[in-house]
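The values are calculated or read from the model by the stated rules, or taken from the named source; none is laboratory data. All of these numbers come straight from a predicted model, not from anything done at the bench. Note that each Cβ is placed from the backbone with ideal geometry, even for glycine, and that neighbours are counted across all protein chains shown. Each accessible area value is taken on the protein alone, full model and side chains, heavy atoms only, with ligands, DNA and RNA left out. Shrake-Rupley method; radii C 1.70, N 1.55, O 1.52, S 1.80 Å.
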Amino acid sequence: MKNYIRILVYAISIITISCDDFLDSKPNQKMAVPKTLEHADLLLNDYSTLNSVYPTFGEIASDDYFISTANWSGLSDMDEKLTYNWSDPDIANSKQWQASYRAIYQVNQVLEVLKDIERNKQLSLYDKIKGGACFYRAFALHQLAVVFAPVYVPSNVNALGLPLRLSPDIDFKSVRATLKETYDQIIADYQIAVRLLPEQEILLGRPTKTSAYAGLARVYLDMSDYERAYAYADSALNMNNSIIDFNTINVGLSIPFKRFNSEVIFSASTPSAGPLGIAFCRVDTNLYQAYGAHDLRKPAFFRIGSGTPNYYSFKGSYDGSTSGIFVGLTVPELLLIRAEAAVRTNRGAQALADYNKLLKNRISNTFYTPSLENDPTKLLTLILEQRRLELIFRGRRWADLKRLNKEPRFAKKLIRVLDGKTYSLEPNSLKYAIKIPQIVIEQSGIIQNIR
């Protein structure tokens with residue numbers, strides 16, 4: 001079975017290989033193309049292509065950590081090096097862009113297979129496959145949009161979004177859709193997934209109906225549509241509200257969390273990235289202190305590094321490894337989405353209940369006391385503080401900076417210091433849409449992000 005998956009995936013990889021690898025020859029699109037429902041299902045089991053390929057540039061450019069001048073100088077990937085201090089280079093390597101679009105190509109191939117199969121045959125399997133393919137495409141497009149597109153605001157919906165590749169056909173020219181068209185497509189795919197995916201899935205790594213609700217909640221939060229963010233987070237939590245009580249686990253382990261732990265609704269990760277590596281990455285000192293003396297996330301998420309002074313590095317990935325970062329969907333993220341959306345839509349009691357539920361499972365039992373805060377402005381600030389503490393190194397900080405910069409009370413100027421020189425990123429800078437790799441611009445003719 002595993003060998004058969006490899007054969008199918010190899011066939012797909014031949015088709016999706018980049019133009020810069022074979023400039024003078026087009027791949028044969030008819031080579032070993034999958035044809036059956038079982039083939040399509042197997043392609044969705046390709047965890048390495050569909051679950052662990054997402055871009056890291058946003059997290060590299062965010063403010064939860066820093067690296068030393070010596071470590072920065074030693075970075076081998078120039079794109080990562082210059083993204084770290086917002087030097088705004090032309091991105092030379094297309095792998096962060098290409099990997100997500102390869103995932104999109106693979107699920108487009110799955111959807112193409114389904115067109116030639118009658119839905120009334122093996123109905124539940126057909127629907128699960130179609131729902132899964134739409135989910136993966138939505139998830140990949142959203143990950144790309146967070147990094148390579150501007151923030152979604154009503155006044156900016158006609159800005160450039162992403163190329164929307166909705167077919168495995170490789171012979172049509174890519175163009176950038178508008179931001180509205182991009183997010184409309186993400187939402188449409190997630191809504192299909194909500195309708196078709198099963199509530200339970202025995203295959204780890206595959207999405208469920210809860211995953212699709214959670215994906216919609218995350219997207220609508222990024223769009224600052226708090227009414228819909230609340231509704232979809234609530235729907236997901238009504239199906240799965242499992243949360244780990246950190247009082248019951250060994251927070252001192254070098255890797256405290258398993259990849260598919262009970263809080264994970266959908267597992268996804270990025271490849272490794274130099275600045276985020278456990279040997280280089282140092283957690284922002286003020287951020288580390290913000291956890292408080294009795295917050296069990298301190299020992300669960302961080303370990304002390306070597307050298308003087310002592311800094312802390314992150315060990316708390318929900319990917320069960322120290323390679324790359326976890327960018328999947330979890331119950332705590334949904335609690336925080338519902339809490340923030342609740343307080344912004346005059347549901348203060350629900351916001352406070354979600355806030356307290358999270359902290360009850362994160363603070364030492366001996367010292368936990370529930371908050372009684374009922375001032376909406378203060379409660380929103382507390383929730384956003386917990387959002388940053390809980391979702392550290394989850395690929396969410398860049399998206400949060402982009403949307404919160406639109407509110408003057410939460411806007412933040414980012415600062416880096418390297419070799420005595422200070423670099424900064426202003427709120428609402430055009431640099432919050434990372435440049436598309438230059439080779440993609442040159443070969444496709446699509447428009448680069450505005451500067």
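Looking at the structure I just gave you, is residue 262 buried (at least 24 other Cβ atoms within 10 Å of the Cβ), under 30 Å from residue 42 (Cβ atoms) and of a type outside the set (A, V, I, L, M, F, W, C)? No, not satisfied. Look at (1) among the hydroxyl-bearing types (Ser, Thr, Tyr); (2) buried (at least 17 other Cβ atoms within 10 Å of the Cβ); (3) in a loop (DSSP other than H, G, I, E, B) and you find that residue 230 fails only one, number (3). Per the conditions (1) under 16 Å from residue 387 (Cβ atoms); (2) surrounded by fewer than 21 Cβ atoms within 10 Å (Cβ to Cβ), the sole criterion not satisfied by residue 304 is (1).
The lone criterion from (1) touching a strand residue (DSSP E or B) at 6+ places or on another chain (Cβ under 8 Å); (2) outside any loop (DSSP other than H, G, I, E, B) left unmet by residue 279 is number (2). Screening the candidates 114, 141 for the property of being modelled with pLDDT of 95 or more, in a helix (DSSP H, G or I) and under 24 Å from residue 402 (Cα atoms) yields one hit, 141.
Filtering 204, 216, 237 for residues that are within 26 Å of residue 362 (Cβ to Cβ), touching a residue at least 24 places away in the same chain (Cβ under 8 Å) and outside any helix (DSSP H, G or I) leaves a single hit, 204.
Residues are listed down the side, and each one gets a yes or a no for (1) touching an Asp or Glu at 6+ places or on another chain (Cβ under 6 Å); (2) closer than 18 Å to residue 55 by Cα; (3) open to solvent by 60 Å² or more (accessible area, probe 1.4 Å):
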{"site": "113", "(1), (2), (3)": "no, no, no"}
{"site": "121", "(1), (2), (3)": "no, no, yes"}
{"site": "141", "(1), (2), (3)": "no, yes, no"}
{"site": "154", "(1), (2), (3)": "no, no, yes"}
{"site": "157", "(1), (2), (3)": "no, no, no"}
{"site": "171", "(1), (2), (3)": "no, no, yes"}
{"site": "181", "(1), (2), (3)": "no, no, yes"}
{"site": "194", "(1), (2), (3)": "no, no, no"}
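Take the conditions (1) over 22 Å from the mean Cα position of the chain (by Cα); (2) open to solvent by less than 50 Å² (accessible area, probe 1.4 Å); (3) more than 29 Å from residue 339 (Cβ to Cβ); (4) polar (S, T, N, Q); residue 449 misses just one of them, which is (1).
Residue-by-condition table, conditions (1) at pLDDT below 95; (2) out of contact with any Ser or Thr (no Cβ under 9 Å at 6 or more places or on another chain); (3) within 29 Å of residue 432 (Cα to Cα):
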site	(1), (2), (3)
170	yes, no, no
177	no, yes, yes
197	no, no, no
213	no, no, yes
